[in-house]
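Colleague: Have a look at the structure that comes next, please.
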Amino acid sequence: MKIADIVLPLGFGLLFGLGLIVSGMIDTANVLGFLDIAGDWRPALALVMGGAVAVALPLFQWTRRRGKAFNGAEPESPPARIDRRLIVGAGIFGIGWGLSGICPGPGIVWLGLGIDQVWPFLVAVAAGAWLADRLPQRR
Amino acid sequence: MDSQILAAALLGGAMIGLAAGGLYLTTGRIAGISSLYGDAVLRRPQAWRWLFLAGLILAGLLARPLGLTVPEALGHGPLWLAAAGLLVGFGTRLGNGCTSGHGVCGLARLSWRSLTAVLVFMATAGVTVYVVRHILKAA
């Protein structure tokens, strides 16, 4: 294993996590405040997502144009199909996100913050993913 | 909105976008945390997944020493968080992504599939928050 194979995922994971903290997105009040358009609306999440996409977009498009990542790997290219699994899955995820204000990224950062309250959430996320893997594969 | 909150949201968002775009450009990997976490725990124990997750945890560990403001608690009890986590895990596995995979990487790849997912999970999350806060007045 080369040094880059360790440093790149670790370093970008760290930067991603610090971004979640700086942006305020690890605070469930900011997430739920964004989703609560009928209440005291907090627009920060839209700026976070907009800022992230604005920076990521040229990097993703550059990678696709090159056809190869810097390490020579073929860039991952998930299927483009829009089907029932996508819609139902995204819909169910949204309900869980709306109930808690936590999505997987911030959930894992919470672990690093040393707050044990997040354990039931993370264990349940793994259990939910395990269950979804048990569903028959349909087209 | 307070200009300090706005600046933090944009800066944090740019950090997230740089991390996701940088990972894709250098390694060809998509920083979708739900897939990363699910695969790390359930299926393919590839080193890069654990390293990226370790980076996220490290961000949490470093937050206070770096003087970043962090929340001290999640706003819900363990059963509520476990129920939400189950839905998040199941839904993201079925729909192949969450706020990072579809919301940041997918939109940066200009994927219609991801845009569809984002609109669906934003809608169900918004309805969930409305029901919980304004109809049930539960949280």
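Bear in mind these aren't lab numbers, they're just calculated from the coordinates by the rules spelled out. All figures in this text were calculated on a predicted structure; none of them were measured in a lab. Here the Cβ is made from the backbone with ideal geometry for all residues, glycine too, and neighbour counts use every protein chain on show.
Colleague: Alpha carbon centre of the range B:1-35 versus the range A:20-42: separation in Å?
Modeller: Taking the Cα centre of the range A:20-42 as reference, the centre of the range B:1-35 is 17 Å away.
Colleague: Evaluate chain B: find the radius of gyration of its Cα atoms, find its Kirkwood radius, and give the ratio Rg to Rh.
Modeller: 0.97
Colleague: To the nearest 20 debye, what charge dipole does chain B have about its Cα centre, counting +1 at the Cβ of each Lys and Arg and -1 at the Cβ of each Asp and Glu?
Modeller: 380 debye
Colleague: May I pose another question? Put +1 on the Cβ of every Lys and Arg and -1 on every Asp and Glu Cβ in chain B; which of B:G21, B:A117, B:A7 then has its Cα farthest towards the positive end of the dipole?
Modeller: B:A117
Colleague: How big is the Cα convex hull of the protein assembly as shown in projection, averaged over all directions, in nm²?
Modeller: Taking the Cα atoms of the protein assembly as shown, their convex hull projects to 13.8 nm² on average.
Colleague: When Lys and Arg each count +1 and Asp and Glu each count -1, what net charge do the other residues less than 15 Å away from B:G126, Cβ to Cβ, add up to?
Modeller: 0
Colleague: Follow-up. Just check chain A against the gyration tensor rule for me: Cα atoms, a ≥ b ≥ c as the square roots of the eigenvalues, rounded for a/c under 1.5, and otherwise prolate or oblate depending on whether a/b exceeds b/c.
Modeller: Taking the square roots of the gyration eigenvalues as a ≥ b ≥ c, chain A is rounded.
Colleague: Test of understanding: in a Gaussian network model of chain A with alpha carbons linked when under 10 Å, which of A:S100, A:S77, A:S23 would top the mean-square fluctuation ranking?
Modeller: A:S77
Colleague: On each of the three principal axes of the Cα atoms of the range A:78-139, give max minus min coordinate, whole Å, ordered largest first.
Modeller: In descending order, the Cα extents are 41, 22, 21 Å.
Colleague: How many Cβ atoms of partner chains, on average, are near each residue of B:114-120 if near means within 10 Å of its Cβ?
Modeller: 5
Colleague: Pop out the Kirkwood hydrodynamic radius of the range A:1-77 from its pairwise C-alpha distances, inverse of mean 1/r, in Å to one decimal.
Modeller: Averaging 1/r across every pair of different Cα atoms and inverting gives 14.9 Å.
Colleague: Rounded to whole Hz and in sequence order, give me ³J(HN,Hα) for the range B:66-83 from the Karplus expression 6.51 cos²θ - 1.76 cosθ + 1.60, θ = phi - 60°, writing x for Gly and Pro.
Modeller: Calculated HN-Hα couplings, in order: 7, x, 7, 7, 10, x, 9, 8, 8, x, 9, x, x, 5, 4, 5, 5, 4 Hz.
Colleague: I would also like to ask the following. What ranking, highest mean first, results for peptides B:59-70, B:88-99 when packing means the other Cβ atoms within 10 Å averaged over each residue?
Modeller: Sorting B:59-70, B:88-99 by mean packing, highest first, produces B:88-99, B:59-70.
Colleague: Just how large is the dipole of the protein assembly as shown about the Cα centre, in debye to the nearest 20, putting +1 at every Lys and Arg Cβ and -1 at every Asp and Glu Cβ?
Modeller: 1040 debye
Colleague: Where does chain B land at 222 nm, in deg cm²/dmol rounded to the nearest 500, when only DSSP H runs of n ≥ 4 count, each adding -39500 (n - 2.57), divided by all residues?
Modeller: -21500 deg cm²/dmol
Colleague: For the range B:1-49, compute Rg over Rh where Rg is the Cα radius of gyration and Rh is the Kirkwood radius from the inverse mean 1/r over Cα pairs.
Modeller: Here Rg/Rh amounts to 1.17.
Colleague: Sequence gap at least 6, Cα distance under 8 Å: using those rules, report the relative contact order of chain B to the nearest whole percent.
Modeller: About 27 percent, as a whole number.
Colleague: Using the Karplus curve 6.51 cos²θ - 1.76 cosθ + 1.60 with θ = phi - 60°, what ³J(HN,Hα) values do you get for each residue of the range A:72-80, in whole Hz, with x for Gly and Pro?
Modeller: Values, residue by residue: x, 6, 6, x, 4, 9, x, x, 9 Hz.
Colleague: If you take every residue apart from A:A44 with its C-beta less than 11 Å away from the C-beta of A:A44, what net charge results, scoring Lys and Arg +1 and Asp and Glu -1?
Modeller: -1
Colleague: Show that you can apply the helix-only estimate: for chain A, add -39,500 (n - 2.57) for every DSSP H stretch of four or more residues, divide by all residues, and state [θ] at 222 nm to the nearest 500.
Modeller: Helix-only estimate at 222 nm: -22000 deg cm²/dmol.
Colleague: Residues with beta-carbon under 9 Å from that of A:P9, excluding A:P9: net charge, scoring Lys, Arg +1 and Asp, Glu -1?
Modeller: Neighbour charge sum, excluding A:P9 itself: +1.
Colleague: On average, how many beta carbons from a partner chain sit within 10 Å of the beta carbon of a residue in A:73-79?
Modeller: Per-residue shielding by partner chains comes out at 6.
Colleague: Starting from the Cα coordinates of the range B:100-139, work out the convex hull volume and express it per residue in Å³.
Modeller: Taking the convex hull of the Cα positions in the range B:100-139, it is 52 Å³ per residue.
Colleague: Using a 10 Å cut-off around each Cβ of peptide B:38-44, what is the average number of partner chain Cβ atoms that fall inside?
Modeller: Taking all residues of B:38-44 together, the mean is 4.
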